[in-house]
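Let me begin by presenting the structure, written as structure tokens, before commenting on it.
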2 protein chains.
Amino acid sequence: MNLTVAEENYIKAIYKLQEGDQAVTTNALAYELDTKPASVTDMAKKLKEKKLIDYEKYQGITLTPEGRKTALQVVRRHRLWECFLVDKLSFSWEEVHELAEELEHVRSEKLINRLSDFLGNPVIDPHGDPIPDAHGRMAKPRPQTPLDQANAKRLVVTAVSDQSTALLAFLNAKGIKLGTQLEIVAHYEFDNSIEIKMKHLSSLTISEQVAKNIMVRPL
Amino acid sequence: MNLTVAEENYIKAIYKLQEGDQAVTTNALAYELDTKPASVTDMAKKLKEKKLIDYEKYQGITLTPEGRKTALQVVRRHRLWECFLVDKLSFSWEEVHELAEELEHVRSEKLINRLSDFLGNPVIDPHGDPIPDAHGRMAKPRPQTPLDQANAKRLVVTAVSDQSTALLAFLNAKGIKLGTQLEIVAHYEFDNSIEIKMKHLSSLTISEQVAKNIMVRPL
DNA sequence: TTAATTATTTAGCTTTGTCTAAATTTTAAT
DNA sequence: ATTAAAATTTAGACAAAGCTAAATAATTAA
Ligand SMILES: [Mn+2]
Ligand SMILES: [Mn+2]
Ligand SMILES: [Mn+2]
Ligand SMILES: [Mn+2]
């Protein structure tokens, strides 16, 4: 099955939005892909034809097993390229998503497996997301929660769930990265902001919006 | 000026075929790009519109200075990726062209300049072709001639002018690569085949067709 | 210098992926 | 149970890139 770049992008976006089994809506997919709902409907018909998704009018979209396999391949390529850019070419984590968005479409098993070897077969990408192996299997991530829901006091940052340049740039500015250890000093119920303290630094207060997108686990 | 992948491929092909100032013909370009003359005519109109080529009906195609600049950027990306694949991922020289044909279309100055640094700013690619620098300047290649026209006896292989998998596989089989030193033992005028001898090996005879595509300079 | 051959262009059609505007279906609210 | 709002689909259009078949221009041969 030979997919176009657009088809791969759709499959990956469906994978991303399809938490568990819940069907992905036309509008959500259009928003995620920065396109229009009418375009999504058109593409849904094509992907159904290719047996990559289950789709019935007005009923939303889910990946078939074949579609999920395809999605995992694209995700693998995306995340390995992100590792390459950060580890080998010294890009910072907020710069790599867009480039990987293009590199992920070079389809060569040999290339991607050699790249993985070259990188030491990493299992997480620069944003803390797991990298599927050549068979589509991912190490199941150690349990992690959004910072705004953490109950332990001493925590370590394991991932960021929003990967917009804006959030990543903010985290850079505050010195927060994967592996950063922090302590929760206070919750402020007025706006659900959270005061945190990192070693050797004065404490800072972050918005609920930011806290929701920082994944942590107890230290 | 934002170019499509197809436009970049055309510009690169025109650059390749346009030796000196001679205009590139519609048919030659169609053959090079494995497409049809009618398609070339269509694209020529678009590229003229974008001021990348000079083109008048029936008069053939030449790159404008802007077009040449674009071509050199694409060539730079292509050849740097080939270096990456060979030097870092252990691909052999006959495998890299197709992959580079796709990778070359990821347009990011920052990416390609960092890749170049990472590779040690190489000046020739795995086939002996020069790599343009960030400003489009290439080290002018040291004088080289096709093996079938060499007059010195002791020679060193500097490049291959045909990069088909078939030729490269043949050269692999015979142990001929960039830097290989060889001696011309005999010319056979019946078919213009050439007998050569490499150090520590028995001599072998290669066809004119092969000899034409091996570039050498006197040792 | 005609005539034949070759090269190139034009015309018209196809596929992919997108859009807007209008129609329809589903969901939520009275 | 209607009605209003929101979500989704359809219809019709467009741009990019390709194709085939037919027309035209340029070149070569007789
Ligand atoms: Mn992508
Ligand atoms: Mn990532
Ligand atoms: Mn290419
Ligand atoms: Mn090359």
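The values are calculated or read from the model by the stated rules, or taken from the named source; none is laboratory data. All values reported here derive from a predicted model rather than from experimental measurement. Here the Cβ positions follow ideal geometry from the backbone for every residue, glycine too, while neighbour counts run over all protein chains shown. Accessible surface areas use protein heavy atoms only, side chains included; no ligands, DNA or RNA. Shrake-Rupley method; radii C 1.70, N 1.55, O 1.52, S 1.80 Å.
Side notes on the structure shown:
- Qualifying residue in the stretch A:117-139 (condition: outside any loop (DSSP other than H, G, I, E, B), over 24 Å from A:Gly175 (Cβ atoms), within 14 Å of chain B (Cβ to nearest Cβ) and open to solvent by 60 Å² or more (accessible area, probe 1.4 Å)): yes
- Residues in the stretch B:1-21 that are outside any helix (DSSP H, G or I), of a type outside the set (A, V, I, L, M) and either in contact (Cβ under 8 Å) with a residue 12 or more places away in the chain or in contact with a strand residue (DSSP E or B) (Cβ under 7 Å, 6 or more places away or on another chain) (or both): B:Gln18, B:Asp21.
- From B:Leu168, B:Leu201, residue being open to solvent by 70 Å² or more (accessible area, probe 1.4 Å) and hydrophobic (A, V, I, L, M, F, W, C): B:Leu201
- Restricting the stretch A:101-116 to residues that are assigned to a helix (DSSP H, G or I) and of a type in the set (Lys, Arg), the residue that is nearest to the other protein chains (Cβ to nearest Cβ) is A:Arg114.
- Selection within the stretch B:65-100: residues that are facing another protein chain (nearest Cβ under 10 Å) and open to solvent by 40 Å² or more (accessible area, probe 1.4 Å). The member of this set that is nearest to A:Glu102 (Cα to Cα) is B:Glu98.
- Single residue of the stretch B:10-30 satisfying the filter (open to solvent by 40 Å² or more (accessible area, probe 1.4 Å) and within 13 Å of B:Ala71 (Cα to Cα)) that is nearest to ligand 4 (Cβ to nearest atom): B:Lys16
- The set of residues from the stretch A:84-105 being hydrophobic (A, V, I, L, M, F, W, C) and more than 13 Å from the chain's Cα centre (by Cα) comprises A:Phe84, A:Leu85, A:Val86, A:Leu89, A:Phe91, A:Leu99, A:Leu103.
- Among the residues making up the stretch A:146-163, those that are touching a residue at least 40 places away in the same chain (Cβ under 8 Å) and surrounded by fewer than 17 Cβ atoms within 10 Å (Cβ to Cβ) are A:Pro146, A:Ala152, A:Arg154, A:Val156, A:Ser161, A:Asp162.
- Candidates in the stretch B:53-100 are the residues that are outside any helix (DSSP H, G or I) and among the β-branched types (Val, Ile, Thr); of these, the one that is farthest from ligand 2 (Cβ to nearest atom) is B:Thr62.
- Residues satisfying the stated conditions in the stretch A:53-64, i.e. open to solvent by less than 50 Å² (accessible area, probe 1.4 Å) and within 16 Å of DNA strand C (Cβ to nearest atom): A:Ile53, A:Tyr55, A:Gly60, A:Ile61, A:Thr62
- Residues of the stretch B:31-52 classified as surrounded by fewer than 18 Cβ atoms within 10 Å (Cβ to Cβ) and either among the small types (Gly, Ala, Ser) or not in a loop (DSSP other than H, G, I, E, B) (or both), total: 11
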